[in-house]
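For reference, the structure is listed below as structure tokens.
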Amino acid sequence: MLARISTTFQNIFKIEELRSRILFTLGVLAVYRLAAHIPTPGINGDALSSFLLERGGAIMGFLDIFSGGALSRVTIVALGIMPYISASIIIQLMTVVIPSLGQLAKEGEAGRHRITQYTRYLTMGIALVQATGIAFGLEGMNNGQFVLDPGWSFRIMTVITLVGGTAFLMWLGEQVTERGIGNGISLIIFSGIVAGMPAGIINTYRLYETGQLNALVLVGLVVMMAVVICAIVFLESGRRKLSVQYARRVVGNRVYGGQNTHIPLKINTAGVIPPIFASSLIAFPATIAGFFTVPWVQSIANSLSPGQILYTSMYVGLIVFFAFFYTAVVLNPVDIAENMKKSGGFIPGIRPGKRTSDYIYFVLTRITFAGAVYLAVVCVIPEILINKVGLPFYFGGTSLLIVVGVGLDTAQQIETHMIQRNYEGFLRKGKVRGRSA
């Protein structure tokens, strides 16, 4: 087994294009991790980091995962990639509500380029608002003791730095998607989570050494992580195959069609998008609310902390919503049915046209519901248990889902490159079944 894995990695670096893409991706992620340690000018970073982690509580610890620790240290990329994700949510919702945007999204490469441009502009707007709030919040926090030189010069410099950091991360993500391997935005979040896992393991071991964590709980944590990882791998590979038959057509002296095939519908078509979107909508407002000393604002901030009933209810609801919404954006049963009809294909026992689209919609709704329930259980249950025990959020279901899911996607792309060049991939038979992210 080890020899085969070693041979596979040797084959990877024999393919010049694949080798270049992997090295480029690793280089970009290294640049991102370096930027995550460059402090924002004019701030007492160490004192502020300790204050934020103590004052922010569970929600700050949870949100800090997605920025790779940059938020708690208030580095130049403290906002992370979340403004871009929020902008993507808004633009995708608008394509459904606004007909002109919906039509633009269907105009091929040119339309997608325009949509991407709108997403970038909106990202800058969201980052500008968030950076301005952070700049003013830092000045008012603990009577401004974390700001070295308060005033408009500090505010303007902080806003420019944080917005520029978000723009830089957005550009890095797009470069990885275009010239590297895997989805750039997902890999940036992935690298931030993975970078914090060693510290999380060390802190967990220290809790065990000091007696704050008993051996039984530690073993339970390991078993729970193993079960969650196995469930993610199994269900992310799950498919519901719709049988499709093509009628024979005679064109001249040739016969076309006549074969049987299937449409593979994934149980979790949305991948890691729902938990990432849900986290971005809940976490940042809760963090901002935690900076204020007004009692009712503090009460809202505490209610939106992981493990609380309001947070859990909103998180589950948003995961289910985005699972259905993203699936509807990616897969249109009417378009699938029309394309099948034009190609002479039909589902056995189902009439072509509207009956076929209704049937596909019925099946897609059922498996999407199952996928949404799976996502909610994987993301919420482990994090409730971890929050009660007081362990790092790096071992929670959301973190594991992103790490395993993005890893599967990246492995699938590497596998595709290798198989195209007649090299054996990671698996003996078939391809790695990844997700869309």
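Nothing in this text is a laboratory measurement; each read-out follows from the coordinates by a stated rule. Predicted model, so just to flag it, every value in this text is computed and none were measured. Cβ coordinates were reconstructed from backbone atoms using ideal geometry, including for glycine residues, and neighbour counts include every protein chain displayed.
Stokes-Einstein, applied to the Kirkwood radius of region 36-180 over Cα pairs at a viscosity of 0.890 mPa s and 25 °C, places its translational diffusion at 149 µm² s⁻¹. Please list, in order along region 64-72, the HN-Hα scalar couplings obtained from phi with the Karplus expression 6.51 cos²θ - 1.76 cosθ + 1.60 (θ = phi - 60°), rounded to whole Hz, x for Gly and Pro. Running phi through 6.51 cos²θ - 1.76 cosθ + 1.60 with θ = phi - 60° gives 5, 4, 6, 9, x, x, 6, 5, 5 Hz.
Amide H contacts of Ile43: Leu148, each under 5 Å away and 5 or more positions distant or on a separate chain (H built 1.01 Å from N in the peptide plane; Pro and chain starts excluded). Put simply, region 142-224 fits an ellipsoid with semi-axes of 36, 27, 7 Å; these come from the alpha carbon gyration tensor as the roots of five times its eigenvalues, largest first.
With the cut-off at 24 Å, tell me which of the pairs Lys14/Lys241; Lys241/Lys341; Lys14/Lys266 have Cα atoms farther apart than that. In this structure, Lys14/Lys241; Lys14/Lys266 exceed 24 Å between Cα atoms. Put the Cα centre of region 59-108 next to the Cα centre of region 120-135 and the gap is 11 Å.
Annotation: amide H of Lys266 within the under-5 Å range of Arg240, sequence separation 5 or more or interchain, hydrogens built in the peptide plane. Of the trypsin sites (Lys or Arg not before Pro) in region 83-138, the ones in a loop by DSSP (not H, G, I, E or B) with at most 16 other beta carbons within 10 Å are Lys106. Put in order of Cβ neighbour count within 10 Å, fewest first, the listed residues Thr398, Thr210, Thr356, Thr312 become Thr210, Thr312, Thr356, Thr398.
At q = 0.17, 0.24, 0.25, 0.26 Å⁻¹, what log₁₀ I(q)/I(0) does region 61-100 have when each alpha carbon counts as one equal point scatterer in the Debye sum? The Debye formula, applied to the Cα set alone, gives -0.52, -0.71, -0.75, -0.78.
For region 36-180, a simple Cβ point-charge model (Lys and Arg +1, Asp and Glu -1, everything else neutral) yields a dipole of about 300 debye relative to the Cα centre.
Amide H to amide H, with H built 1.01 Å from N, Gly80 comes under 5 Å of no residue 5 or more places away or on another chain.
Derived scalar couplings between HN and Hα for region 401-412 equal 4, 5, 4, 5, x, 5, x, 5, 4, 5, 4, 5 Hz in order, rounded to whole Hz, by the Karplus curve 6.51 cos²θ - 1.76 cosθ + 1.60 (θ = phi - 60°), x for Gly and Pro.
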